[in-house]
Structure formats: structure tokens, C-alpha cells
């Protein structure tokens with residue numbers, strides 16, 4: 001797999017997100033400026049300027065019209081993707097860690113960090129179709145988890161919210177997990193790159209065998225995103241790096257052809273052996289896995 005280095009951020013990456021069609025990639029970093037790229041060739045299209053702190057997370061509306069970003073500057077902002085215009089800013093009393101649009105893009109779930117005397121929260125905001133009608137009213141506030149809530153996502157049909165955080169508990173909330181791991185970032189500067197577990201590995205989903213990998217990372221891999229079509233390039237970023245690597249699929253694909261044995265014949269053995277339709281049976285194309 002041959003990576004293409006995409007340079008644009010000045011601080012380490014924090015999050016990556018494709019739009020639904022898979023032709024745009026959005027990246028967040030500690031340099032305050034979310035960035036959008038062409039997914040096909042890695043060309044940088046532009047940045048969304050307005051945050052005054054690290055941007056931890058983002059999401060894209062289903063029609064690729066709106067971008068929502070959560071930042072350490074205690075704000076969540078809505079953007080017009082095409083023009084880069086900031087449409088609205090939700091302000092909080094603590095850093096915003098995670099954001100996600102609901103199915104239908106009429107709601108957004110947001111998490112805030114514990115900060116000063118503020119406890120961590122999960123909040124739901126309504127998203128107006130017309131930006132001029134947007135207000136900051138909170139529809140739902142959930143409290144309870146101890147420590148930072150790293151991620152909150154919508155469950156099926158927006159009936160639940162699934163959260164995960166520093167307390168190592170995944171919770172499903174009525175009314176509507178992305179689990180990360182790896183080496184502690186504090187140990188990065190004391191670890192040789194050959195000793196650290198800084199390699200991205202790819203596994204065959206059916207055979208459960210390793211089919212490839214990308215080495216050369218100095219620090220833990222902090223963000224990973226696959227194109228929705230599953231065929232075009234995928235991207236991932238490094239925690240202690242401001243670059244994105246575009247991984248191009250090799251040719252031929254890293255996948256073996258699996259030929260399955262013919263299905264068992266329901267006829268008696270003697271009848272099966274004399275039946276021309278069963279002699280020399282082979283697996284049909286439907287029984288072969290590409």
C-alpha cells in the first residue's frame with residue numbers, strides 16, 4: 001500500500017470524517033482549523049476558520065450541506081460546507097468533545113468535558129433547516145458519567161444515544177462506540193519507533209487473516225476513516241503529526257479467492273453416483289468468495 005502524504009495542518013490531527021458520498025474528507029486538528037479535502041486525490045479545498053481552540057470532532061449532514069464541529073474553545077459551530085461560512089455557534093461552559101448529527105439531520109448530540117466545577121454532559125440541540133431560524137436551546141441534557149465522555153453517537157432511528165468515555169463504560173441512554181486504544185501518548189517521546197505499536201494493520205473480514213499494513217508512524221494512530229464505498233482510498237492520521245496519509249489500494253486486491261466444496265447431495269449415494277447432474281459437481285460462482 002502506497003501512502004500519499006497530505007499536508008495542511010500545523011498541529012496534530014484529532015479526527016477524520018467522510019461525507020456520505022465519500023468524495024469529501026473532513027479533518028480536525030489542534031490547529032483550530034477544520035479542513036476539507038478531495039477524497040480522490042487528496043487535494044486541499046479549504047479550511048473553516050472561526051475556532052480559537054483545538055477542534056476535537058466533526059460531522060457532516062447527509063446532504064453534505066452542513067458541517068458541525070466541536071472545539072476546546074467551549075463552542076460547537078455550524079458551517080456551510082460549500083462557502084465556508086459560519087452559520088451558528090452553540091456556546092458552552094466547558095470544552096465540546098464529540099458531535100454527531102442524527103438520522104435526518106434535525107438534531108445533534110454534543111458532549112462537554114468536565115471543566116472547573118462543570119460536570120460532563122451529553123446535550124441534544126435542534127438543527128434548523130433555515131440557518132436564520134437556528135437557536136441555541138437544549139432539547140435534552142444527560143448527566144451521570146464520571147470523567148470525560150469521549151464519544152456519543154445516535155442509536156437506530158434516534159431512539160437511543162450510545163456514549164463511551166474515560167470511565168471505561170459504554171452506556172445506552174433512552175431517548176435517543178468507537179473505542180480507541182494503543183500506546184499512551186506520554187510514552188511516545190521515550191519510545192523508539194521500532195518498539196512502539198505504531199503500525200496500521202488490515203485484516204480480511206471473512207478469513208480473519210492479516211492482509212497488509214502500513215508502518216513508519218512515530219506516534220499512536222489517533223484517527224482512521226474508510227471511504228463509504230469501500231473501494232476507494234482510505235485515510236488515517238497520527239496523533240503526534242499534522243499530516244494525513246492517503247493509502248491507495250494495491251493491485252491485485254489483497255484478497256484471496258475462496259473455493260468452497262459442492263453442497264451435500266440430498267439423494268442416496270447410489271443414485272447420486274449415477275446421476276449425470278451430480279457427477280463432477282463443482283462450486284458455482286455463487287459459492288466462491290472474491
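The values are calculated or read from the model by the stated rules, or taken from the named source; none is laboratory data. Just so it is clear, the model here is predicted, and its values are computed rather than measured. Note that each Cβ is placed from the backbone with ideal geometry, even for glycine, and that neighbours are counted across all protein chains shown.
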*May I ask you to say which residue of 118, 134, 146 is surrounded by 12 or more Cβ atoms within 10 Å (Cβ to Cβ) and modelled with pLDDT of 95 or more?*
134
*Does region 149-161 hold any residues that are surrounded by fewer than 18 Cβ atoms within 10 Å (Cβ to Cβ) and either part of a strand (DSSP E or B) or out of contact with any strand residue (DSSP E or B) (no Cβ under 7 Å at 6 or more places or on another chain) (or both), and which are they?*
153, 156, 157, 159, 160
*Of residues in region 38-58 being crowded, with 22+ Cβ neighbours inside 10 Å and assigned to a strand (DSSP E or B), the one farthest from the chain's Cα centre (by Cα)*: 55
*Which one of 76, 99 is surrounded by 23 or more Cβ atoms within 10 Å (Cβ to Cβ), within 19 Å of the chain's Cα centre (by Cα), under 19 Å from residue 145 (Cα atoms) and modelled with pLDDT of 95 or more?*
99
*Right, residue 93: closer than 22 Å to residue 145 by Cα, in a loop (DSSP other than H, G, I, E, B) and assigned by TED's automatic domain parsing to the domain that holds residue 173 or not?*
yes
*Is it the case that residue 34 is assigned by TED's automatic domain parsing to the domain that holds residue 103, crowded, with 19+ Cβ neighbours inside 10 Å and farther than 30 Å from residue 210 by Cβ?*
yes
_I'm trying to understand the selection: among the residues of region 6-37, which are within 13 Å of the chain's Cα centre (by Cα), in a strand (DSSP E or B) and within 15 Å of residue 67 (Cα to Cα)?_
15, 16, 17, 18, 25, 26, 27, 28
